[in-house]
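To keep things clear, I will list the structure first and then write my remarks on it.
The values are calculated or read from the model by the stated rules, or taken from the named source; none is laboratory data. Note that the structure is predicted; figures quoted are calculated from it, not measured. Every residue, glycine as well, gets a Cβ built from its backbone with ideal geometry; the counts of neighbours run over all protein chains shown. These accessible areas exclude ligands, DNA and RNA; they are computed on the full protein's heavy atoms, side chains included. Shrake-Rupley method; radii C 1.70, N 1.55, O 1.52, S 1.80 Å.
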There are 2 protein chains.
Amino acid sequence: MRRHDREISELQQLEEILKQGRELNLAMLDGDQPYVLPLNYGYADGCLYIHCANQGQKLDCLSVNPQVSFCVSEVVQRVTGGTACEWNTRFRSVVGRGRAEIIDDREGKIAGYDVIMRHFGGQVGGYKEKHLEASLVIRIRIDSMTGKQSLPSR
Amino acid sequence: MRRHDREISELQQLEEILKQGRELNLAMLDGDQPYVLPLNYGYADGCLYIHCANQGQKLDCLSVNPQVSFCVSEVVQRVTGGTACEWNTRFRSVVGRGRAEIIDDREGKIAGYDVIMRHFGGQVGGYKEKHLEASLVIRIRIDSMTGKQSLPSR
C-alpha cells in the first residue's frame with residue numbers, strides 16, 4: 001500500500017469491517033484471465049462463507065484454481081465541492097487473499113449456512129432439503145488481508 | 001450465466017447501471033494471482049475511467065497485464081424472514097471484461113477527469129497542476145459485459 005497513513009493493520013479492526021459488511025467482491029482466475037463477482041457472504045474465525053448453486057462458472061473456475069482475492073468496501077461519505085480538488089470519498093475497505101474450498105457434504109453446508117445466517121442477524125436452521133441438495137458452500141480461508149480507510153475527522 | 005431469467009443483455013440497461021454506479025471493483029492479475037480493488041470511476045462511451053496516483057501496486061500489475069474484469073453492483077433491497085429460505089437479496093449488477101490503458105499525457109488526463117467529474121454530477125475543469133502531475137488516468141475499454149438482476153415485483 002502506497003498511502004501508509006491510511007493503512008489498517010490491526011486484526012480486530014479488519015475483522016470488524018468483515019463482520020459489518022454484507023457483500024464482497026470475489027476475484028478468481030477464469031483460465032488466464034481475472035474474473036470478479038459480487039456475492040453475499042458470512043465471516044467467522046478467519047474464513048469467508050459463500051452460498052451458491054451447485055453448478056456455474058465460479059465453481060468451474062475455483063475447481064481449477066482455488067486462489068482468490070476478495071474485497072469488502074464501505075463508502076462512509078462522499079464529500080462534494082465546487083472544484084474536483086474539493087471532492088473526496090470517505091471509506092474503509094479490506095482487501096485480501098485466500099484459498100477457496102468447495103464444501104458439498106450436508107453437515108458442512110449446514111455449518112456454512114449457519115455462519116451466513118448469523119452474519120446477517122438471522123435465525124439458523126430449518127434449511128429445506130431440496131435447497132441443501134441444490135446448493136453448495138464455498139469457504140475461503142483468508143491467507144492475508146490489509147485494510148485502508150479515509151474517514152471524516154471527528 | 002446459469003440463471004438466464006435474471007440476465008440483462010440490452011446495452012442500454014447495462015449502461016444505465018454503469019452510469020448510476022459510483023464504485024467498481026477492478027480485478028487484475030498480480031503475477032499469477034487475482035487481485036481486486038474497490039475504486040471510484042466514471043463511465044462514458046464504452047470506457048471506464050479511474051483516477052489514481054502515478055505509482056502503486058495496481059499500476060505495476062496493469063503495466064504487466066492489462067486484462068481486467070470489473071463489476072458494478074447495486075443492492076436494491078434485502079428481504080429478511082423467519083427462516084433462511086425467506087431471505088433474499090434484490091440487486092442489479094454488471095460484470096465485464098476489458099483492457100486497461102494507462103493515460104499519462106496532460107490532455108488525456110484532463111479528458112479522463114472530465115468524464116469522472118461529469119459522472120459524479122460535478123463541475124469539470126480547474127484541476128490543479130500539482131495534482132495533474134502526481135496522478136494518472138486508467139481507461140478501461142470494455143470488451144464484453146453482462147448484467148444480472150433480481151428486482152422486487154412491481
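For the range B:58-73, a drop of 50 Å² or more in accessible area on going from the chain alone to the assembled protein chains (1.4 Å probe) is found at B:GLN67.
Between 0 and 90 degrees, the angle of helix B:106-119 with respect to the longest Cα principal axis of chain B falls at about 30 degrees. Once you've got the Cα coordinates, tell me which of A:LYS19/B:LYS128; A:LYS109/B:LYS58; A:LYS19/B:LYS148; A:LYS130/B:LYS148; B:LYS19/B:LYS128 are over 32 Å apart. Exceeds cut-off: A:LYS19/B:LYS128; A:LYS109/B:LYS58. Quick query: amide H of A:GLY46 versus all other amide H atoms, modeled in the peptide plane; which residues come in under 5 Å with a sequence gap of 5 or more or a different chain? Result for A:GLY46 returns nothing. In the assembled protein chains, A:LYS128 presents an accessible area of approximately 110 Å² (probe radius 1.4 Å). Taken one residue at a time, the phi angles of the range A:26-38 give Karplus couplings (6.51, -1.76, 1.60, θ = phi - 60°) of 10, 9, 9, 9, 10, x, 9, 10, x, 8, 10, 9, x Hz. Gly and Pro are set to x. Considering the protein assembly as shown at the alpha-carbon level, its Rg and Dmax are found to be 19.5, 63 Å. Between the amide H of A:ASP30 and those of A:TYR35, distances stay under 5 Å, these residues lying 5 or more places away or on another chain, with hydrogens modeled in the peptide plane.
A label point on A:ARG90, set 7 Å along the Cα-to-Cβ line, lies at 2.9 nm from each of its counterparts in the other copies, closest listed first.
Across the range B:4-147 the C-alpha pair distances fall into 10 Å bins from zero in the proportions 11, 38, 31, 14, 5, 1 percent. Across the identical copies, the label point of A:GLN20 (7 Å from Cα in the Cβ direction) is separated from its matches by 2.6 nm, in order from shortest.
In this view, the solvent-accessible surface of B:GLU129, computed with a 1.4 Å probe and all protein chains in place, comes to about 80 Å².
Look at where the Cα atoms of the range B:127-154 and of the range A:79-154 average out, and the two centres are 23 Å apart.
Relative to the longest principal axis of the Cα atoms of chain B, the long axis of helix B:11-20 makes an angle of roughly 70 degrees. Chain B and chain A together bury an accessible surface of about 3700 square angstrom, both sides counted, with a 1.4 Å probe and no ligands or nucleic acids included. Counts of other chain beta carbons within 10 angstrom of each beta carbon in peptide A:127-137 average 1.
Each of B:TYR43, B:LEU14, B:ALA53 was placed along the dipole of the range B:14-57 (beta-carbon charges, centred on the mean Cα), and the one lying farthest toward the positive end is B:ALA53.
When chain A is treated as a Gaussian network with alpha carbon springs shorter than 10 Å, the biggest mean-square fluctuation among A:CYS61, A:CYS52, A:CYS85 belongs to A:CYS85.
Inter-copy label distances for B:GLY56: 3.0 nm (label point placed 7 Å from Cα along Cα→Cβ; shortest first).
Averaged per residue, the range A:4-95 has 45 square angstrom of accessible surface, using a 1.4 angstrom probe with ligands and nucleic acids left out. Here r is the Cβ-Cβ distance between B:ARG2 and B:ARG99 and R0 is 25 Å; the resulting FRET efficiency, rounded to 0.05, is 0.40. Sorting B:PHE91, A:PHE70 by accessible area puts them as B:PHE91, A:PHE70; the probe is 1.4 Å, largest comes first, and only protein heavy atoms count. For the range B:46-100, the relative contact order is 36 percent, taking Cα pairs closer than 8 Å that sit 6 or more residues apart in sequence and dividing their mean separation by the residue count. Which whole-number percentage describes the relative contact order of chain B, with Cα contacts under 8 Å and a sequence gap of 6 or more? Over chain B, the number comes to 30 percent. Whole-Hz Karplus values for the range A:72-80 come out as 10, 9, 10, 8, 8, 7, 10, 8, 9 Hz, taken residue by residue from phi with 6.51 cos²θ - 1.76 cosθ + 1.60 and θ = phi - 60°; glycine and proline positions read x.
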